[in-house]
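Working notes, beginning with the structure itself.
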Amino acid sequence: MGTLLTEHLARRGAADWRADNFNAGPAALPREVLERAQRELLNFEGTGMSVMELSHRSKTYEAVQERAEALLRELLSIPPEYRVLFLQGGASLQFAMVPMNFLKPGQTAAYVRTGSWSEKAEKEAAALGQVRVAASTEEGGYRRIPGMGEIQVAPDDAYLHITSNNTIEGTQWHEFADTGQVPLVADMSSDILSRPIPVEKFGLIYAGAQKNLGPSGVTVVILREAWLEHARRDIPTMLRYDIHAKNRSLYNTPPTFAIYLLGLVLEWAREQGGVAALADRNERKARIVYEAIDQSEGFYTGHAEPPSRSRMNITFRCPTPDLDQRFAAEAEEAGLVGLAGHRSVGGLRASLYNAVSEASCTRLAEFMQDFRRRWG
Ligand SMILES: *Cc1c(COP(=O)(O)O)cnc(C)c1O
């Protein structure tokens with residue numbers, strides 16, 4: 001066993017010991033955030049109540065939600081003509097809400113197929129209206145992101161939908177297509193806040209919080225206000241973006257505690273130096289693990305083609321499925337958790353979201369070298 005890992009494991013009995021958490025989602029949260037939530041749990045800002053016990057109509061709670069929105073706007077440089085919504089139902093409900101609001105009879109929505117989540121988004125839209133595949137990298141098992149030239153957009157498409165990071169397959173868009181007048185919609189569930197993004201290129205961005213933003217239970221939607229005016233109004237109230245926008249995400253009771261934690265994660269992100277600093281760190285972290293794959297003389301093979309590799313979810317495998325299983329089990333023994341690949345792809349997956357430290361990545365690389373020495 002490598003020295004860093006040995007030292008880390010020696011502290012395992014300590015009350016504040018933390019596993020190296022590579023879970024795909026829900027995933028690691030910053031220790032500082034959990035500690036602060038713990039300190040504030042019983043008596044939030046002198047109210048004598050937990051955030052969970054506050055009325056969502058109280059000034060104290062409203063300030064919590066407004067602060068979370070302001071921080072998100074600052075960190076992602078969201079232009080003023082965009083609205084930020086905090087909704088429920090996960091990214092999966094957004095698969096349906098986007099076409100319900102923006103895919104009208106007689107129109108076609110274009111979807112880029114890059115993995116299981118994009119398939120699900122497309123399927124949901126197809127149940128509600130006309131859908132077209134703008135590009136697909138299904139052949140060969142979703143190992144890459146299509147080139148910008150491969151994507152077929154028609155000027156009258158209702159929108160073009162992409163999945164900016166394919167959590168299960170481990171691929172990520174490193175540039176975004178110019179779609180002209182056609183609104184670009186992105187599922188950014190697994191890479192929002194991991195790098196700067198050109199928000200002005202998008203009509204709508206959505207993300208379930210439980211990967212990079214906070215706990216499960218809240219979904220962030222960022223959408224261009226001008227597009228909102230074209231949203232359908234003949235759908236159930238809770239599914240209407242315009243209703244949530246008009247009511248500043250307080251049409252009904254929002255997931256108050258999840259939004260509070262999201263705000264704490266955003267404050268933490270700002271203390272880390274913001275999104276550009278996080279992106280640099282994420283690049284270094286990913287390099288540590290990809291190098292362990294690439295320098296393994298063929299023992300480990302990556303799933304994604306190198307130019308499409310994700311910095312958030314690293315998918316790889318050992319020479320046999322038996323060794324993959326053994327790897328995940330032995331890693332767990334060594335405090336490295338969440339490394340089994342998704343059942344649809346198999347193999348192994350290390351999710352390196354913002355709250356995963358460089359030290360965790362180094363310990364994983366150490367373990368990978370050690371495992372190869374023993375089983376290679
Ligand atoms: C996790 C994930 C989802 C599903 O999110 P839920 O909040 O569970 O609905 C959708 N898309 C992507 C890219 C994801 O990573």
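The values are calculated or read from the model by the stated rules, or taken from the named source; none is laboratory data. Remember, it's a predicted structure, so these values are computed and weren't measured experimentally. We place every Cβ from the backbone using ideal geometry, glycine too, and count neighbours over all the protein chains shown.
Before moving on, here are some points about what is shown:
- Top-ranked residue in the stretch 113-136 [being closer than 21 Å to residue 303 by Cα and touching a residue at least 60 places away in the same chain (Cβ under 8 Å); ranked as nearest to the chain's Cα centre (by Cα)]: 117
- Taking (1) surrounded by 18 or more Cβ atoms within 10 Å (Cβ to Cβ); (2) more than 16 Å from the ligand (Cβ to nearest atom); (3) closer than 26 Å to residue 138 by Cα; (4) not small (Gly, Ala, Ser) in turn, residue 107 satisfies each apart from (1).
- Whichever residue in the stretch 150-197 is surrounded by fewer than 21 Cβ atoms within 10 Å (Cβ to Cβ) and of a type in the set (Gly, Ala, Ser) and, among such residues, is farthest from residue 225 (Cα to Cα): 154
- When 52, 97 are screened for being of a type outside the set (Gly, Ala, Ser) and more than 16 Å from the ligand (Cβ to nearest atom), only 52 passes.
- Evaluation of residue 232 against (1) in contact (Cβ under 8 Å) with a residue 24 or more places away in the chain; (2) closer than 24 Å to residue 290 by Cβ (one fails), failing number: (2)
- Look at the stretch 199-228: where a residue is in contact (Cβ under 8 Å) with a residue 24 or more places away in the chain and assigned by TED's automatic domain parsing to the domain that holds residue 187 and a partner is assigned to a strand (DSSP E or B) and more than 16 Å from the ligand (Cβ to nearest atom), sitting 6+ places away or on another chain with Cβ atoms under 6 Å, you get 203/224; 204/223; 222/82; 222/84; 223/83; 224/82; 225/83.
- Single unsatisfied condition, residue 48 versus (1) surrounded by 15 or more Cβ atoms within 10 Å (Cβ to Cβ); (2) among the small types (Gly, Ala, Ser); (3) out of contact with any Ser or Thr (no Cβ under 7 Å at 6 or more places or on another chain): (1)
- Among the residues listed as 115, 129, the single one being within 16 Å of the ligand (Cβ to nearest atom), assigned by TED's automatic domain parsing to the domain that holds residue 172 and not hydrophobic (A, V, I, L, M, F, W, C): 115
- Within the stretch 1-28, the residues that satisfy the criterion of being touching a Gly at 6+ places or on another chain (Cβ under 7 Å) and not basic (Lys, Arg) are 8, 9, 19, 20, 21, 22, 23, 24.
So that you can scan it fast, the table gives a plain yes or no per residue for (1) touching a residue at least 24 places away in the same chain (Cβ under 8 Å); (2) under 25 Å from the mean Cα position of the chain (by Cα); (3) surrounded by fewer than 18 Cβ atoms within 10 Å (Cβ to Cβ); (4) in the same structural domain as residue 209 (by TED's automatic domain parsing):
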| site | (1), (2), (3), (4) |
| --- | --- |
| 291 | yes, yes, yes, no |
| 334 | yes, no, no, no |
| 340 | no, yes, no, no |
| 343 | no, yes, yes, no |
| 349 | yes, yes, no, no |
| 367 | yes, no, no, no |
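- Filter result for residue 90 (within 16 Å of the ligand (Cβ to nearest atom), of a type outside the set (Lys, Arg) and surrounded by fewer than 22 Cβ atoms within 10 Å (Cβ to Cβ)): yes
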